[in-house]
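See structure below.
The values are calculated or read from the model by the stated rules, or taken from the named source; none is laboratory data. Computed from a prediction, not measured in an experiment: that's the story for all the values here. No Cβ is skipped: glycine too gets one built from the backbone with ideal geometry, and neighbour counts run over all protein chains shown.
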């Protein structure tokens, strides 16, 4: 059985955290690749917020019981050459989620960003809906 996580956040909330805490906030929450990508954009606020929401959405999709703690920098959003977003995991988060499959959707306006993660546990059969007990 698949799981779903979704998160909606105000762009201004993330922008204020960046303005208030600067690089300390960025390096605690975002991967180096996310920082490089967002800094390359003229209007980066919605992109920062969408990536923040993606991390929260992933955490909601697999918790409780799988991830006890959200380690921000171990969850990154990258872009396929087509522009489609995908999740990149590292460290303990990657270890705990070995075998899981994910689909990520992002969207934003000037004021809001949303992310949705669909998660399929290891051994789950998408066709029949069978999944191991969690």
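Go through region 80-91 residue by residue and tally those that are surrounded by 13 or more Cβ atoms within 10 Å (Cβ to Cβ) and either in a loop (DSSP other than H, G, I, E, B) or at pLDDT below 95 (or both).
Of all residues in region 80-91, those surrounded by 13 or more Cβ atoms within 10 Å (Cβ to Cβ) come to 85-90.
Still in the list and also either in a loop (DSSP other than H, G, I, E, B) or at pLDDT below 95 (or both): 90.
The total comes to 1.
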Next item on the list: Quick one: in region 44-70, of everything that is modelled with pLDDT under 95 and in a loop (DSSP other than H, G, I, E, B), which residue is surrounded by the most Cβ atoms within 10 Å (Cβ to Cβ)?
Entry: 67
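Tell me, yes or no, whether region 28-35 has at least one residue that is touching a residue at least 24 places away in the same chain (Cβ under 8 Å), in a helix (DSSP H, G or I) and farther than 22 Å from residue 80 by Cβ. I'd like the intermediate steps shown before the answer.
Looking only at region 28-35, we keep the residues that are touching a residue at least 24 places away in the same chain (Cβ under 8 Å), and these are 28-31, 33-34.
Okay, now just the ones that are also in a helix (DSSP H, G or I), so 28-29, 33-34.
So of that shortlist, the ones also farther than 22 Å from residue 80 by Cβ come out as 28-29.
Yes, the conditions are met somewhere in region 28-35.
Out of curiosity, is residue 120 at pLDDT 95 or above, crowded, with 16+ Cβ neighbours inside 10 Å, in contact with a strand residue (DSSP E or B) (Cβ under 8 Å, 6 or more places away or on another chain) and under 22 Å from residue 4 (Cβ atoms)?
no
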Next item on the list: Give the residues of region 94-110 that are out of contact with any helix residue (DSSP H, G or I) (no Cβ under 9 Å at 6 or more places or on another chain) and part of a loop (DSSP other than H, G, I, E, B), sorted by residue number.
Entry: 98, 99
